[in-house]
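In what follows, a structure is listed as structure tokens, so that the remarks can point back to it.
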Amino acid sequence: MSKKLFIAEKPSVAQEFAKALKQNFSRKDGYQESGESIVTWCVGHLVTMSYPESYDPALKKWAVETLPFLPKEYKYELIPAVEKQFKIVKGLLNREDVDCIYICTDSGREGEYIYRLVDRMAKVPADKERRRVWIDSQTEDEILRGIREAKDWSAYDNLSSSAYLRAKEDYLMGINFSRVLTLKYGDSVRNFLKQDKNVAISVGRVMTCVLGMLVRREREIRAFVKTPFYRVM
């Protein structure tokens, strides 16, 4: 008998799907299974982009001469801390009795990216049906509606491409700017902080902007000048 596989982004969401399906599920290691369906989860990201030393061991040492690092093809690898869950998910995705995969990761670019990486790494056969569940909440009615109206995953190919591009942008910015700024200013920062160990200057698409906002606000506070304040009595 063929079964449907529902894969969520987090264990808590997978539990809500299992409740909504109202089937006699039994708990297994890393998933739940009934006579009709299997429900599993990703624990967030299971796959990540490889560091430069995976391309060339010599790139483990930070040097200006090796920058910018711009790979022609990007490599991906399993996150060691969740490798066990990936192996479980991979086995389920490739089970012969699973005829349809319902992608239930979060409805957004990041959720799409999380599953696409897993699908790619698990080498799921191209002819296996995959349907995307897109929901706005985790209520029972909304989950069942999402399953009922699930579209073929190809309908979200543009969103997937956007997610891959965003990840590559973050990766290139973080790797290259963190290295070049550390090489140029790391010693100055270390001396200022009076530390014995080397100091790495981390740069990221989000963290750097947030840090800039905090610094700007802190400067405004420090530059504040008291002025008389009046009110009508």
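The values are calculated or read from the model by the stated rules, or taken from the named source; none is laboratory data. Keep in mind the model is a prediction, meaning the values are calculated, not measured. Note: ideal-geometry Cβ built from the backbone for every residue, glycine included; neighbour counts use all protein chains shown. Areas reflect the complete protein model, heavy atoms only, side chains present, ligands, DNA and RNA absent. Shrake-Rupley method; radii C 1.70, N 1.55, O 1.52, S 1.80 Å.
Projecting label points 7 angstrom from Cα along Cα→Cβ for TYR185 and CYS100 puts them 5.5 nm apart.
Projecting label points 7 angstrom from Cα along Cα→Cβ for LYS3 and LEU214 puts them 4.6 nm apart. Sorted on the mean count of surrounding Cβ atoms within 10 Å across their residues, most packed first, peptides 152-161, 177-186 read 177-186, 152-161.
With a ≥ b ≥ c the root eigenvalues of the C-alpha gyration tensor of region 192-233, is it rounded (a/c under 1.5), prolate (a/b larger than b/c) or oblate? Judged from the Cα gyration tensor, region 192-233 comes out oblate (a/c at least 1.5, b/c at or above a/b). Taking each of LYS4/LYS90; LYS28/LYS87; LYS19/LYS87; LYS10/LYS75; LYS4/LYS28; LYS60/LYS123 in turn, the alpha-carbon distance tops 22 angstrom for LYS19/LYS87; LYS10/LYS75; LYS60/LYS123. For the pair region 62-78 and region 171-229, the centres of their Cα atoms are 24 angstrom apart.
Taking every protein chain into account, the accessible area of the chain amounts to 64 square angstrom per residue (probe 1.4 Å). Measure nothing fancy, just the Cα-based angle from helix 11-21's long axis to the longest principal axis of the chain, in degrees from 0 to 90, nearest 10. Long axis of 11-21 versus the principal axis of the chain: about 30 degrees. The length gained by stretching the chain between ASP141 and VAL199 to full extension, at 0.36 nm per residue less their Cα-Cα distance, is 15.7 nm.
Comparing ILE221, ILE101, ILE147 in a Gaussian network model of the chain where C-alpha atoms under 10 Å apart are linked, the largest mean-square fluctuation is found at ILE221. On a per residue basis, the convex hull of the C-alpha atoms belonging to region 130-187 measures out at 109 Å³.
Note on the chain: with a GNM built from Cα contacts shorter than 10 Å, the maximum mean-square fluctuation among VAL199, VAL215, VAL189 falls on VAL215. When a/c is below 1.5 the answer is rounded, else prolate if a/b is larger than b/c, else oblate, so apply that to the chain with a ≥ b ≥ c taken from the square roots of the Cα gyration tensor eigenvalues. In terms of gyration-tensor shape, oblate.
For the peptides 21-31, 67-77, 129-139, 1-11, the ranking by packing is 1-11, 129-139, 21-31, 67-77, with the highest mean count of neighbouring Cβ atoms within 10 Å listed first. Can you give me the angle between helix 207-222 and the longest principal axis of the chain, using Cα atoms only, in degrees from 0 to 90, rounded to the nearest 10? Once rounded, one gets 40 degrees.
Just the protein heavy atoms count here, and of the accessible area of the chain at 1.4 Å, carbon and sulfur take up 55 percent. For region 166-175, backbone phi angles converted through the Karplus equation (6.51, -1.76, 1.60; θ = phi - 60°) give residue-by-residue couplings of 4, 5, 5, 4, 4, 4, 5, 5, x, 5 Hz, Gly and Pro being listed as x. Couplings for region 109-121, taken from phi via the Karplus curve 6.51 cos²θ - 1.76 cosθ + 1.60 with θ = phi - 60°, read 4, 5, x, 4, 5, 4, 6, 4, 5, 5, 4, 5, 5 Hz in order; Gly and Pro are left as x. Amide H to amide H, with H built 1.01 Å from N, TYR102 comes under 5 Å of LEU5, PHE6, ILE7, ARG131, counting only residues 5 or more places away or on other chains.
Counting only DSSP H runs of at least 4 residues, each contributing -39500 (n - 2.57), and dividing by the residue count of the chain, the helix-based mean residue ellipticity at 222 nm comes to -14000 deg cm²/dmol. For region 1-136, the spherically averaged projection of the C-alpha convex hull amounts to 9.9 nm².
Could you give me D for region 134-233, from Stokes-Einstein at 10 °C and 1.306 mPa s, where the hydrodynamic radius is the Kirkwood radius over C-alpha pairs? Units µm² s⁻¹, please. Reported coefficient: 83 µm²/s.
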